[in-house]
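What follows is calculated from the coordinates using simple rules that are stated; it is not laboratory data. The model shown is predicted, which means the values in this text are computed figures rather than measured ones. Counting neighbours? That spans all protein chains shown, and the Cβs are built from the backbone with ideal geometry, glycine included.
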Amino acid sequence: MLLHLDRTFESADAEAEHRIAELYREFGGPLLRHIRRSTGNDLQWAEDVVQETLVRAWRNSARLQWEPGLIWAWLLTVARRIVIDGRRRRSVRPMEVEAPEIDVLAVPDGAERSLSAIVVADALRSLTEEHREVIEQTYLRDRTISEAAEILGIPPGTVKSRLYYGIRALREVLRDKGVAG
């Protein structure tokens, strides 16, 4: 009697394997295409989802209804749930990256900014007093043209003109120093 039961299980397993092979031939390609869209076109992830879906179909083969429309709907549902579970897992666990090399890691220390400030201050000293004053009032003290004109006691049009020519002269000095392109 026990031998007969073993043959029954053996034939059930063989039948399930045959059905799964059939299932893969018929639905493997369409399922992979469908799942690739769900995985953001990640082929490796999509292949893993298809494989896991077919493994679950094999595990549940005794309970499945093998009509093409019903099995396709079941496969899509299972695959969608696997993708959702994968997204949840990925969102909970941060992406693993290699630790950066300590020697390569740049640490901002403000030296470049300080050096730039020194170069610009030196370039400003080479300008005429009129140009330097309008640049100082508008750019360095963040005043409007009208405010700078009032403080300097000159018309706003003069401030604009001096600012235009002062900036041109400043760019020229910085270009000569090799700072500006």
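Tabulated data for the structure shown
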| read-out | value |
| --- | --- |
| Cβ-based net charge around Val78, under 9 Å, with every Lys or Arg adding one and every Asp or Glu removing one | +2 |
| Global geometry of region 2-92, whether rounded, prolate or oblate, following the gyration tensor of its Cα atoms and the 1.5 cut on a/c | prolate |
| Backbone HN-Hα couplings from phi across region 147-158 [Karplus 6.51/-1.76/1.60, Hz, Gly and Pro as x] | 5, 5, 4, 5, 5, 7, x, 10, x, x, x, 5 |
| Where trypsin sites (Lys or Arg not before Pro) fall in DSSP loop in region 126-160, at most 13 other Cβ within 10 Å | Arg141 |
